[in-house]
Amino acid sequence: MLCGLGAWLPPRIVPNSELADTLDTSDEWITSRTGVRTRHIADAGMATSDLAVQAGERALKSAGMSNVDAVVLATTTPDHPCPATAPTVSARLGLGTVAAFDVNAVCSGFLYGLMVGAGMIAAGDTSSVLLIGADTYSRILDPADRSTRVIFGDGAGAVVLRAGDPDEPGAIGPIDLGSDGDNNNLIAIAAGGSREPFHDGGDPYFRMRGKEVFRHAVVRMTQSAQTVLRRTEWPGGLPDLLVAHQANVRIVHAVADQLGLPREQCAIHLDRVGNTAAASLPLALADAVTTRRLTAGTRVLLASFGGGLTWGACAVRWPELSLT
Ligand code: ACO
C-alpha cells in the first residue's frame, strides 16, 4: 500500500536560454524536440543523499510516520561508488539501524524499488518501507555534450509503503518489469567500474544514443503498460492518468497514442524539471497531486524506461493522502 508521498527539487532553476549561452543549442530546439523548458540543478557540494533526505522527510510526514522497517534508495548517482547511499540517508532521517540499500535500474529504478519494497512487505517480516528515487545527473554529464545536458535535471521523490489489503486504495500492482542487457551500451558510463577502472583513463561521463533509446523507450513502455492493463480490471482497460517516465514529451505522447489513451490523460512534469531519472515518477506523482490531477480513487498507470536497458509498468489506485 502506498501511504505517503514527498518531493524535493534543488532551488536553482536553469532555463533553456542559460544552456544556450554555452552550448550549441537553442530554446526552440530543446522545447520542440523534448518539451523541457527548465530544470533544477543542485548547487556545488550538494549530493544525492542531500536531495533524498529532503524527499524522504516529506514522504514520512505525508504518511504520518516517524519510523519504517527499511529504506530503499533508487539511484544511479550515489554519493560514492561504495558504499551504498541508502544507509547514510536512513541515518540522517533518524531511522536507526533498519535495513537500507540502493537499487540501480537507472531511470526505471523507482519501479524496480516499488517491486522490491512491495515484495519485502509481502514476505511478511517488513511492515513498512521508505522508497526514495533520487538522482543528481548534473554531476555525471559531460559539460560539452548538448545531447544530454539539455534533457536532465536533479531531484528526489519518495513514497512510503505499508502492509495493507489488496482492495484498499493505495494498493500497488500488478507490476511488470523487464530488461535487455544486449543493448546495455545505449545508455552508459564507460569508466569507473570493474570493466574499466577510473585509473585506466576511460570516459567518465554519462553517454546516451538518444535516437535508438527513443525507439526502445516507446516500444518497451507500451508493451509493459499493456501487460499491466491486461491484468487490471479497469473500465475500458485504460487508466485515468498515465504517469510515464518524464524523459521527452514526444515519448510520453507516443506511448499514450499506442495505448489509445487521449494525450490529455498524460501527466507532464518534464517541462519544468527535465528528466530526473529515478526521481522522475515520484516527482511527477507529486506534481499531479499538487495540481489536483491525481485524487483519491484515480486509476494511475506508471510506466518507466531506462539504461540497462530496463523498463516497467505498474497500476495503482490512488489513496487519500496529503503532501507537505
Ligand atoms: N541542440 C541542438 N541540436 C541538437 C541537440 C541540441 N541540444 N542535440 C542534438 N542535436 C542535433 C543532432 O546533432 C542532430 O544533428 P544532425 O541532424 O546534424 O546530425 C539533430 O539535432 C537530431 O538529433 P537526434 O539525436 O536525431 O535528435 P532527436 O530528435 O532524437 O532528439 C533526444 C534527441 C532529445 C536525446 C531524443 O532522442 C530522446 O529524447 N531520446 C530518448 C531519451 C530517453 O528516453 N531517455 C530515457 C532513458 S535515460 C536514462 O535511463 C538515464
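The values are calculated or read from the model by the stated rules, or taken from the named source; none is laboratory data. Computed from a prediction, not measured in an experiment: that's the story for all the values here. Because the Cβ atoms are built from the backbone with ideal geometry, glycine has one as well, and the counts that use them run over all protein chains shown. The area values use the complete protein model at the heavy-atom level, side chains included, leaving out ligands, DNA and RNA. Shrake-Rupley method; radii C 1.70, N 1.55, O 1.52, S 1.80 Å.
Scanning region 198-222 for residues that are more than 10 Å from the ligand (Cβ to nearest atom), without any contact (Cβ under 8 Å) to a residue 24 or more places away in the chain and either part of a helix (DSSP H, G or I) or under 19 Å from the mean Cα position of the chain (by Cα) (or both) returns 198, 199, 200, 219.
Kindly check whether there is at least one residue in region 122-130 that is small (Gly, Ala, Ser), open to solvent by 60 Å² or more (accessible area, probe 1.4 Å), more than 19 Å from the chain's Cα centre (by Cα) and within 12 Å of the ligand (Cβ to nearest atom). Checked against the condition, which is being small (Gly, Ala, Ser), open to solvent by 60 Å² or more (accessible area, probe 1.4 Å), more than 19 Å from the chain's Cα centre (by Cα) and within 12 Å of the ligand (Cβ to nearest atom), region 122-130 yields no hits at all.
Scan region 180-194 and tell me whether some residue there is in contact (Cβ under 8 Å) with a residue 12 or more places away in the chain, of a type outside the set (Gly, Ala, Ser) and under 26 Å from residue 3 (Cβ atoms). No; the residues of region 180-194 include none that is in contact (Cβ under 8 Å) with a residue 12 or more places away in the chain, of a type outside the set (Gly, Ala, Ser) and under 26 Å from residue 3 (Cβ atoms).
Given the criteria within 16 Å of the ligand (Cβ to nearest atom), of a type outside the set (A, V, I, L, M), at pLDDT 95 or above and in the same structural domain as residue 133 (by TED's automatic domain parsing), does residue 66 qualify? No.
Criterion first (open to solvent by less than 10 Å² (accessible area, probe 1.4 Å), within 16 Å of the ligand (Cβ to nearest atom), part of a helix (DSSP H, G or I) and assigned by TED's automatic domain parsing to the domain that holds residue 237) does residue 302 satisfy it? Against the criterion (open to solvent by less than 10 Å² (accessible area, probe 1.4 Å), within 16 Å of the ligand (Cβ to nearest atom), part of a helix (DSSP H, G or I) and assigned by TED's automatic domain parsing to the domain that holds residue 237), residue 302 does not qualify. Residues that are hydroxyl-bearing (Ser, Thr, Tyr) and assigned to a loop (DSSP other than H, G, I, E, B) within region 223-250 comprise just one, 232.
None of 238, 285 is more than 14 Å from the ligand (Cβ to nearest atom), under 16 Å from residue 313 (Cβ atoms) and within 20 Å of the chain's Cα centre (by Cα) except 285. Of the strands (runs of 3 or more DSSP E) entirely within region 1-103, those holding at least 2 residues that are open to solvent by 10 Å² or more (accessible area, probe 1.4 Å) and touching a residue at least 40 places away in the same chain (Cβ under 8 Å) occupy 2-8, 38-40.
Only one of the numbered conditions (1) touching a strand residue (DSSP E or B) at 6+ places or on another chain (Cβ under 8 Å); (2) buried (at least 24 other Cβ atoms within 10 Å of the Cβ) is not met by residue 270, and that is (1).
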